[in-house]
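Novice: Sharing a structure with you now.
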C-alpha cells in the first residue's frame, strides 16, 4: 500500500501524521534509515517465523554475520538462548 503523509516541522524535530492503515498499536517505534528510505517499526514487534523480538533477531543475525559462514543456525537453540540466556 502506498500513500502520502503530511510532515510537520517544529523546532524540536519533525512529525508525520499517520494516515489510515499505517498506524501503530504501540507508544514507541524504532526508526531505521536505509539510504534515502526511512522505516518505522513497533519497538515490541515480534518476528512471526521465530517468535523473537525483532531487535534481538537483528542482533543474532549480526552476530552470525560477524562469525562467518562456518557456524550453523539452529532455530530452537536460538529460542532457548533468548529465553534463558544459555546455549
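No lab work stands behind these numbers, since they all come straight from the coordinates. Predicted model, so just to flag it, every value in this text is computed and none were measured. Counting neighbours? That spans all protein chains shown, and the Cβs are built from the backbone with ideal geometry, glycine included.
Novice: If you check residue 40 against the conditions, is it under 17 Å from the mean Cα position of the chain (by Cα), part of a helix (DSSP H, G or I) and surrounded by 10 or more Cβ atoms within 10 Å (Cβ to Cβ)?
Specialist: no
Novice: Let me ask something else. Give me a count of the residues in segment 54-80 that are free of Cβ contacts under 8 Å to residues at least 12 places away in the same chain and not in a loop (DSSP other than H, G, I, E, B).
Specialist: 13
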